[in-house]
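The values are calculated or read from the model by the stated rules, or taken from the named source; none is laboratory data. Bear in mind the structure is a predicted one, so any value in this text is a computation, not a measurement. Virtual Cβ from ideal backbone geometry, glycine too; neighbours counted across all protein chains shown.
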Amino acid sequence: DTGVSQNPRHKITKRGQNVTFRCDPISEHNRLYWYRQTLGQGPEFLTYFQNEAQLEKSRLLSDRFSAERPKGSFSTLEIQRTEQGDSAMYLCASSLGGGGRKNTEAFFGQGTRLTVV
Amino acid sequence: KQEVTQIPAALSVPEGENLVLNCSFTDSAIYNLQWFRQDPGKGLTSLLLIQSSQREQTSGRLNASLDKSSGRSTLYIAASQPGDSATYLCAVRKINNAGNMLTFGGGTRLMVKP
């Protein structure tokens, strides 16, 4: 396991379609984060999981967005009824922490670039 | 609410120059500050992480400083090379942020010309 893996790397979709992205964290990491980055801006936090529990969600995460981490390993981020404003890079990161574990820094994947046309 | 600002937004320098990138944050109650590099269309690569109790960290030609009381950090790049061209992002983690979420600045786009 060499790092955080995200699939697909690029996704082009028509407005109104649903899309799903996948993130595979570093295997021993119990925490997983999703961020969104629009062109020319820094990443913005969307949500994070500790094991399979989704512990925090940003107000940026509208009801069209849903994230899951069913077995505490990989995670999926689904966007329903996509809009042009959803076009962005979606970044996943993972780390260790909580439950008495020492917190480690977060390691980021290569991202999924979504273009809604 | 924590806000992170990076100045300048873009910078172009000739190869060999020493340069300084600036990062400021509004809430000094931070756990740590991290500098990242991002190449076009790629993810983030961590460069340096400074804990709140530290003043600076060094890695090769990079040196990052932290002045928590004034809410400032600088990233110093010595003897810049064309391969250093990228966007540099700083991010802070709050003290009571149990989840390790990061607040990012907007980045500085660096171009080093040969």
For this session: Could you tell me whether A:Gly3 is within 14 Å of chain B (Cβ to nearest Cβ) and either touching a residue at least 60 places away in the same chain (Cβ under 8 Å) or among the acidic types (Asp, Glu) (or both)?
Result: yes
Exercise. So which strands (runs of 3 or more DSSP E) are wholly in the stretch A:1-83 and hold at least 3 residues that are among the β-branched types (Val, Ile, Thr) and surrounded by fewer than 18 Cβ atoms within 10 Å (Cβ to Cβ)?
Worked result: none
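Quick grid of which residues meet (1) at pLDDT 95 or above; (2) more than 24 Å from B:Ala86 (Cβ to Cβ):
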position	(1), (2)
A:Gly16	yes, yes
A:Asp24	yes, yes
A:Glu28	no, yes
A:Arg31	no, yes
A:Gln54	no, yes
A:Asp63	no, yes
A:Glu68	yes, yes
A:Ser75	yes, yes
A:Met89	yes, no
For this session: Sort out which residues of the stretch A:62-89 are within 17 Å of A:Arg31 (Cβ to Cβ) and not basic (Lys, Arg), and write them in order of number.
Result: A:Ala67, A:Glu68, A:Pro70, A:Gly72, A:Ser73, A:Phe74, A:Ser75, A:Thr76, A:Leu77
For this session: Report whether or not B:Ser85 is over 13 Å from the mean Cα position of the chain (by Cα) and either surrounded by fewer than 18 Cβ atoms within 10 Å (Cβ to Cβ) or over 23 Å from A:Phe45 (Cα atoms) (or both).
Result: yes
Seminar exercise, completed: Taking the stretch B:1-22 and keeping only residues that are farther than 13 Å from B:Leu102 by Cβ, within 11 Å of chain A (Cβ to nearest Cβ) and crowded, with 18+ Cβ neighbours inside 10 Å, one is left with B:Gln6
